[in-house]
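The values are calculated or read from the model by the stated rules, or taken from the named source; none is laboratory data. Just so it is clear, the structure is predicted and the values come from calculations on it, not from any experiment. No Cβ is skipped: glycine too gets one built from the backbone with ideal geometry, and neighbour counts run over all protein chains shown. Just the protein is used for accessible areas: all its heavy atoms, side chains included, with ligands, DNA and RNA removed. Shrake-Rupley method; radii C 1.70, N 1.55, O 1.52, S 1.80 Å.
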Amino acid sequence: MKQLIIFEVKKMLRKPLVWASLIGLVLFLAIMESSWVVPGYTSVVTEKDGRPVTTEGFEAIPLDQEICFLYHGPLTDEKVRSVIEAYDISDAAWEANKIDPAREAHYTHNLMYSILSTWGFIDLDGSYSGSTVEETFGDLAPGLTIGYSTGWECTIYTLVYSFLTLGCIIVIIVAPVFSEEYTIHMDALILTGIHGRKKCTLAKIISAYLITIAGSVLLIAISTLLMLAVHGSVGWDCSVQLGELGIFDHTPFHLNWLQAYGLACIAWFGGMLVLTSIILVVSALAKSSFSALVIAFVIYILPMFLPWNLLPESLELWGYLLPVTQMQLMKLFRFDLITLGSMAFSPVYLAIPITVIVLIAGIIWAKKGFSQHQVV
Amino acid sequence: MELRIENLTKQYGSFLAVNDLSAVLTCGVYGLLGANGAGKTTLMRLLCDIQLPTTGTISYDGQDIREYGDRYRNVLGYLPQDFGYYPDFTAMKFLLYMSAIKGLSKGYARQRSLELLDEVGLLQVRDKKIKTFSGGMKQRLGIAQAMLNDPKILILDEPTAGLDPKERVRFRNLISSFSRNKIVLLSTHIVSDVEYIAGDILVMKKGKFIHEGKPDEIIHTVDGKVWECRVANGEVPSLEMKYNIGNMRTEGETTILRIICETKPLENAVNAAPNLEDLYLYYFSDEEEHII
Ligand SMILES: Nc1ncnc2c1ncn2[C@@H]1O[C@H](COP(=O)(O)OP(=O)(O)O)[C@@H](O)[C@H]1O
Ligand SMILES: [Mg+2]
C-alpha cells in the first residue's frame, strides 16, 4: 500500500503544469507576505519639528506596538478621546507637507488612530466625532478589547488568499487522478489488476488527501512562523471587530484573534478537504482529464459569484459553507452564534460535520465511480 | 480450467457489437480472427470484466467472473488494443508500478520485470523513458506487463500491431513457450499471426463466431473455392472489379490470379490448396480494405 501511495503521489506531482502552478503559489505567497506581513504595511506618522514624519516597514512595527501597548485593554470612551487627542497632527504640519488638513482622517497615524477612524470616531478633519463606544457597537460594547493586532489580522488576510490559490492548485493536481487514466487508456490495465479496484483506488484517494493536507499545513505553518517572527503573538486577546482591514467588522459576537484564527483554520482545512472530495468524485465520473479539470474548477469557483444574499437567511448560511465561500471567511463570520439547547457556537463549527460527511461520501462515491468505470 | 461464455451480448444503443456468443475456452492458444469492427475488442473487454455485458454470462471454472472478482483478476493478464502508458515512466518503473497493482512482492516484482524485459528484448533500454520508445517497443512493453503475474488467462488484443517481422517471430515464440497450461486468447486481423501459434481459431464477424476449429480444419471450409488462373495483364482490372482476388503475380505479359469464388470463375481456372488467408478473404473481403 505504501508503495502504491508513493507511486500515486509522484504521478500527481511530476507534471510541468503542477510545477508551474506550485511556483506560482510560492511567488504569490511571497508577494502577499511581503506586502502584508513581512515587514507588512505598518506605517506610523508622528509630528516632528512641525512636520509629519512617516516611518514604514520593520522600523515602524516596534513604534506602532509601543503606541498600542499604551492603550491595550478594554475600549472605553475615555480611551477613544485620549487616542484622538494624543495623535492629532497639527494643521500647520500637514500644510507644511502640502496636505489638506481638512482630510486628516484619510491619512495614517498609527494603528489605534486608524481603527478609531474606521469606526467613525474621528471626523474627516481629525476631530472627535462625538460617537460613544456604546452607540457604535451596541450590545458588543462592553468587553471589546483594543490593541496591536496587525500580525494576526494580516496573517489571516494573507492566508485567505493563499488558500483560495491553493484550492486552484489542488484542482489542477487532483482532477486528473482518475480521469487521466481514462484519457491515456491506463484504466484498462489498472482495473484488470488484482489491487486495481481496491488498494490502488484507495491509494489514489489517500494520496490526494495527503497532498491537500500537506499543502494546507505548510501554508499555515509558514504564515504563522513568519507572523510570530515579525510581529510576535501580541494582540491575540484583542477583539476581531477592532481590526484595520475590516475582515471581521460584522462579527456579531465577542471573538478574539486567537479564537478567530482557530475557527479560520477549521474553515480552511474543512474547505480544502471538501474541495478535494468533490474533485475526486468529478475525476472518477468524468470522461476525460480535461473535462474533469474544467468541471472541478467551475464547481470550485462558481459559488463565489452566486448571490447567496438573495436567499432567506436560514439558507444563506449554507451558501457560505461551500469550499470557496467558507475559505473566504468574511461572509461566514457575519452570522450570529447558533444556539442548540444551552450551547451556543459559531456557525463555522458546522464545517466539521459537513467535512466529515462529504469526506466519507466522496471516498465511497469516487471509489465506486472508478472501480465500476466502463472502459471504452 | 475453463472459461465459459454463455449467450453473451453487448449492445451499444441499438447496435449489437457482440451478438449472443457462446463458447468454451480451455487450455491453449486461441486466435480471434476478424475484420475491424467485428467485435473482438468488445468481447475481450467483457472477458476482462471492464465492461458489463448487456446480457449473458462469463464463468471461470463454473463461477461467474463478476463474483470471482479480485481472485479472477489475480489470474488475468490483459493487453488492451490501445494500451496507455505514462510517458515519463521508464520501462522498468512502469513494470514495477504494474507489479504493485498486480500484487507482486517488491523483490519478486524486480526479478520478474527484468526477466520479462529480457524476453521482449527491452532489457537494454529499461531505464529509458517510455516516451522515447517506438510503437513496437511500447507494444512489447505492453506484452511484458500482461505477463507479469504469470496469468492463467492471457488476453491480448492485437498484440502484433506495430511489430516488425522479426519482433513478430519473437512474439510467437514467447507465446508458444508461455502458453502451456494456460488460456491464451489473441485477436488479430493478421492471418499469419494465428496461423503458426493458435491451436484453435475463432472467426468473428458482426459480433458472432462464424467458425471455430483447428486451423487446418477450418481451412477446409473454403476447399474448392480457391482458384488460380493465368490471364493477360490487360484483363486484370475488369476481373478485379468482378471477383474477390487474393494474390496476384505478374509473369511477363500474363498475370497469375488467385480468385476466391464459389464456382469456377474462368475457363482455365484450376483449384488451388486453400490457406488461412483465403479463408479470411472469403469471409471479410466485403468489409475490409486493408489486409496484410
Ligand atoms: N463505446 C462504444 N460505443 C458505441 N459503439 C462502440 C463502442 N465500442 C465499440 N463500438 C462499436 O462496436 C463495434 C465493434 O467494435 P470492436 O469491438 O472495437 O471491434 P474490433 O476490435 O473487432 O475491431 C464497432 O462497430 C464499434 O464502432
Ligand atoms: Mg479491436
Considering protein heavy atoms only and a 1.4 Å probe radius, which residues within the range B:44-79 exhibit an accessible-area decrease of no less than 50 Å² in the full assembly relative to the chain by itself? B:Ile50, B:Asp70, B:Arg73
Nearby aspartates and glutamates by direct alpha-carbon distance to B:Lys93 (threshold 13 angstrom, same-chain neighbours under 8 apart not counted): A:Glu8, B:Asp127
Sequence order, the range A:263-268: Karplus ³J(HN,Hα) from phi using 6.51 cos²θ - 1.76 cosθ + 1.60, θ = phi - 60°, Hz rounded, Gly and Pro as x, gives 5, 4, 4, 4, 5, 5
quick shape note, the range B:178-248: Cα extents on principal axes in Å, largest first -> 54, 25, 21
What list of ³J(HN,Hα) couplings, whole Hz, do you get for the range B:158-173 from phi and the Karplus terms 6.51, -1.76, 1.60, once you set θ to phi - 60° and write x for glycine and proline? 6, x, 9, 4, x, 8, 7, x, 5, 5, 5, 5, 4, 4, 4, 5
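Report the charge-dipole magnitude of the protein assembly as shown in Debye, nearest 20, computed about the Cα centre from +1 at each Lys and Arg Cβ and -1 at each Asp and Glu Cβ. Can you show the working numbers first?
Working: 55 positive and 70 negative charges, 653 e Å.
Taking the Cα centre of the protein assembly as shown as origin, the dipole is about 3140 debye.
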Please average, across the residues of B:98-105, the number of beta carbons from any other chain that are within 10 Å of each residue's own beta carbon, and give a whole number. 6
Taking the Cα centre of chain A as origin, sum charge times position over the Cβ atoms of Lys and Arg (+1) and Asp and Glu (-1), and report the length of that vector in debye to the nearest 20. 3180
The Cα extents of the range B:224-273 along the principal axes, largest first and rounded to whole Å, are 28, 20, 18
Mind checking the log10 I(q)/I(0) for the range A:287-376 at q = 0.12, 0.19 Å⁻¹? Debye, one equal scatterer per Cα, no solvent, two decimals. -0.52, -1.00
Using amide H atoms built 1.01 Å from N in the peptide plane, name the residues 5+ places from B:Ala272, or on other chains, whose amide H lies under 5 Å from its own. B:Val226, B:Trp227, B:Glu228
Sequence-distant residues sharing a close amide H with B:Asn244 (under 5 Å, placed H): B:Ile260
Using alpha-carbon pairs under 8 Å, 6+ residues apart, how would you state the relative contact order of chain A in percent? 19
Roughly speaking, to the nearest percent, how much of chain A's 1.4 Å accessible area is carbon and sulfur? 66
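Please compute the per residue accessible area over the protein assembly as shown with all protein chains in place, 1.4 Å probe, rounded to a whole number of Å².
Values: 29020 Å² over 668 residues.
Ligands and nucleic acids excluded, the result is 43 Å² per residue.
Could you tell me the relative contact order of the range B:3-216? Use alpha-carbon pairs under 8 Å, at least six residues apart, and round to a whole percent. Don't skip to the end; give the middle numbers.
Numbers: 401 pairs, mean separation 68.3, N = 214.
So the answer I get is 32 percent.
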The alpha-carbon pair-distance distribution computed for the range B:90-246, with 5 angstrom bins and whole-percent values, is 2, 7, 15, 16, 15, 12, 10, 8, 6, 4, 3, 2, 1, 0
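Computed from the mean reciprocal separation of all distinct C-alpha pairs, what Kirkwood hydrodynamic radius does the protein assembly as shown have, in Å? Walk me through the numbers before you get to the answer.
Details: mean 1/r = 0.0326 Å⁻¹.
Radius from the Kirkwood sum: 30.7 Å.
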Paired Rg and Dmax values of the range B:35-152, which use every Cα atom, in angstrom: 15.6, 47
Could you work out how far helix B:106-119 tilts from the main Cα principal axis of chain B, as a 0 to 90 degree angle to the nearest 10? 20
About the Cα centre, and with charges only on the beta carbon of Lys, Arg (+1) and Asp, Glu (-1), how big is the dipole of the range A:5-60? Nearest 20 debye, please. 580
Of B:Leu266, A:Ala141, A:Ile247, farthest towards positive along the dipole that unit charges on Lys, Arg, Asp, Glu beta carbons give the protein assembly as shown: B:Leu266
Residue-ordered couplings for the range A:287-302, obtained by feeding phi - 60° into the Karplus form 6.51 cos²θ - 1.76 cosθ + 1.60 and rounding to whole Hz (Gly and Pro as x), are 8, 8, 5, 5, 5, 4, 4, 5, 4, 4, 5, 5, 4, 5, 7, 3
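Against the globular-protein guess of 2.2 N^0.38 Å, express the Cα radius of gyration of the range A:1-84 as a ratio, rounded to two decimals. Mind dumping the intermediate values first?
Working: Rg = 23.4 Å, N = 84, 2.2 N^0.38 = 11.8 Å.
Relative to the 2.2 N^0.38 Å estimate, the range A:1-84 comes out at 1.98.
Please go through the range B:158-232 and write out the trypsin sites (Lys or Arg not before Pro) that DSSP classes as loop and that have at most 14 other C-beta atoms within 10 Å.
On the way: sites: B:Lys166, B:Arg168, B:Arg170, B:Arg172, B:Arg180, B:Lys182, B:Lys205, B:Lys206, B:Lys208, B:Lys225, B:Arg230; in loops: B:Arg180, B:Lys182, B:Lys206, B:Lys225.
For trypsin sites (Lys or Arg not before Pro) across the range B:158-232 that sit outside H, G, I, E and B with at most 14 neighbouring Cβ atoms in 10 Å, the list reads B:Arg180.
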How big is chain A by the Kirkwood estimate over distinct Cα pairs, in Å? 23.1
Given backbone amide H placed at 1.01 Å from N, residues whose amide H is under 5 Å from that of B:His211, ignoring those fewer than 5 places away on the same chain, are B:Val203
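Using Cα pairs closer than 8 Å and at least 6 residues apart in sequence, work out the relative contact order for the range A:205-312, in percent.
Details: 51 pairs, mean separation 26.1, N = 108.
Relative contact order, the range A:205-312: 24 percent.
Send over the per residue convex hull volume for the range A:33-141, Cα only, as a whole number of Å³.
Numbers: hull volume 11.7 nm³, N = 109.
In the range A:33-141, the Cα hull volume divided by residue count equals 107 Å³.
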Using only the Cα atoms of chain B, what semi-axes does the equivalent ellipsoid have when each is the square root of 5 times a gyration tensor eigenvalue? Give whole Å, largest first. 38, 24, 16
Starting from the Cα of B:Glu217, step 7 Å along the direction of its Cβ; do the same at A:Leu124; then give the gap between the two resulting points in nm. 10.3
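Can you pull out the buried accessible area for chains B and A, both sides counted, probe 1.4 Å, rounded to the nearest 100 Å²? Could the numbers behind the result be given before it?
On the way: alone 13870 and 17720 Å², together 29020 Å².
Summing both chains' loss of accessible area gives about 2600 Å².
What average number of partner chain Cβ atoms lie no more than 10 Å from the Cβ of the residues making up B:7-15? Write down the numbers at each step before the final one.
On the way: counts 0, 0, 0, 0, 0, 1, 0, 0, 0.
Rounded to a whole number, the mean comes out at 0.
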